[in-house]
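What follows is a single structure, written as structure tokens, with notes after it.
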Amino acid sequence: MYKQPAENKRNKNAVVAESVLKSIEALRNEGTEPTFNAILGYLSSKNILSNHRSLRAYLDAMISSEMLTLKKEPVKQPNVRPKQIYSLKSDGPFVEAGERAMLFHGLNWTLPTKSSIKLKTDIEGLARARSVHGTMYASLEDTIVETLARNKDSKRQFLTLNFCAALLATKKFERDYLIQRAKERNVRETVERLLEEIGYVLYSPKPMVEDIRTLYEIRKQLANRGLMSTSFDERKFPLSPDEIVDVIGKQLGVK
């Protein structure tokens with residue numbers, strides 16, 4: 001599996017990303033070509049960003065998400081790199097969700113086919129996305145929400161819920177952001193109920209499951225996940241507690 005560069009593991013700042021975009025427009029309006037150095041100088045003068053590596057990461061992400069275009073023009077001086085001139089595009093930002101993005105986030109499944117969803121997002125979604133080899137993968141939260149939203153009325157819903165349960169049980173995520181995005185895509189109830197079912201499996205003192213051995217191994221590995229525990233009241237949900245134990249066990253490699 002591809003190992004992400006260290007600088008790509010952290011979320012970018014949405015406010016800084018917005019400022020980078022505005023700097024390009026501001027430079028154009030004052031008659032200055034928005035080259036890399038001009039953008040860096042503009043942001044530095046505003047005390048927004050002064051590190052050239054950080055700016056490169058923002059600009060590369062915006063190019064990968066189709067928010068910007070880059071044109072390189074040769075300069076007259078010998079042994080000097082071509083000018084890098086940036087321009088705004090009307091589309092984007094776009095990021096990739098779907099099963100390919102789930103695999104990127106650590107889904108431990110072998111999939112014969114890997115769905116890919118081109119998702120138009122906002123600055124916040126872009127700031128949380130990850131760029132690898134020119135592909136912008138949506139954050140774990142956006143990937144889960146969008147994949148659920150696209151499959152909520154299809155035959156793939158059950159399989160999608162399996163993948164979401166595996167990731168939500170074992171990976172770090174920001175709950176408030178997840179719920180916010182789920183609300184926007186009309187899958188909040190599904191996401192909240194899935195989190196409750198996972199919490200029940202992980203923390204209920206007397207869970208109604210058959211595979212106690214796998215459950216024990218899961219709880220050893222996933223102590224202190226912070227998901228709420230709920231009492232089991234026979235409510236209907238596409239995934240039963242036994243199925244969730246099976247899914248998480250497979251994800252962790254204990255089953």
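The values are calculated or read from the model by the stated rules, or taken from the named source; none is laboratory data. All of these numbers come straight from a predicted model, not from anything done at the bench. Cβ placement follows ideal geometry from the backbone for every residue including glycine, while neighbour counts extend to all protein chains displayed.
Criterion applied to Ala6, Ala57 was being more than 20 Å from Glu96 (Cα to Cα), at pLDDT below 95 and hydrophobic (A, V, I, L, M, F, W, C), and the one residue passing it is Ala6. Given the structure, is Tyr42 among the aromatic types (Phe, Trp, Tyr), under 20 Å from Ala129 (Cβ atoms), modelled with pLDDT of 90 or more and surrounded by 11 or more Cβ atoms within 10 Å (Cβ to Cβ)? When the stated conditions are applied, Tyr42 does not pass them. Select from region 35-69 the residues that are outside any helix (DSSP H, G or I) and under 17 Å from Thr121 (Cβ atoms) and write down the one among them that is farthest from the chain's Cα centre (by Cα). Here the answer is Leu68.
Please count how many residues of region 70-83 are part of a strand (DSSP E or B) and either farther than 13 Å from Pro34 by Cα or modelled with pLDDT of 90 or more (or both). Working first, answer last.
The initial filter retains those residues of region 70-83 that are part of a strand (DSSP E or B), namely 70-73, 83.
From what is left, the residues that are either farther than 13 Å from Pro34 by Cα or modelled with pLDDT of 90 or more (or both) are 70-71.
Here the count works out to 2.
Would you be able to tell me the number of residues in region 92-117 that are surrounded by fewer than 18 Cβ atoms within 10 Å (Cβ to Cβ), under 12 Å from Arg156 (Cβ atoms) and out of contact with any Asp or Glu (no Cβ under 9 Å at 6 or more places or on another chain)? Of the residues in region 92-117, 0 are surrounded by fewer than 18 Cβ atoms within 10 Å (Cβ to Cβ), under 12 Å from Arg156 (Cβ atoms) and out of contact with any Asp or Glu (no Cβ under 9 Å at 6 or more places or on another chain). Step by step: first the residues of region 85-97, then only those that are in contact with a Leu (Cβ under 6 Å, 6 or more places away or on another chain) and in a strand (DSSP E or B), then the one that is nearest to Asn29 (Cα to Cα). Which residue is that? Among those residues, the one meeting the criterion is Tyr86. Keeping to region 72-121, report how many residues are among the aliphatic types (A, V, I, L, M) and touching a helix residue (DSSP H, G or I) at 6+ places or on another chain (Cβ under 8 Å). Matching residues across region 72-121 total 9. I'm trying to understand the selection: among the residues of region 203-232, which are at pLDDT below 90 and either within 16 Å of Ala166 (Cα to Cα) or aromatic (Phe, Trp, Tyr) (or both)? Tyr203, Leu222, Ala223, Arg225, Gly226, Leu227, Phe232, listed by residue number. Enumerate the pairs (first residue in region 4-33 and under 27 Å from His133 (Cβ atoms) and of a type in the set (A, V, I, L, M, F, W, C); second residue anywhere and modelled with pLDDT of 95 or more and part of a loop (DSSP other than H, G, I, E, B)) with beta-carbon separation below 6 Å, excluding pairs fewer than 6 apart on the same chain, so at least 6 apart or on different chains. Partner pairs satisfying both residue conditions: Ile24/Pro34.
Only one of the listed residues (Glu141, Glu124) is in contact with a helix residue (DSSP H, G or I) (Cβ under 8 Å, 6 or more places away or on another chain) and within 29 Å of Lys255 (Cβ to Cβ). That residue is Glu141.
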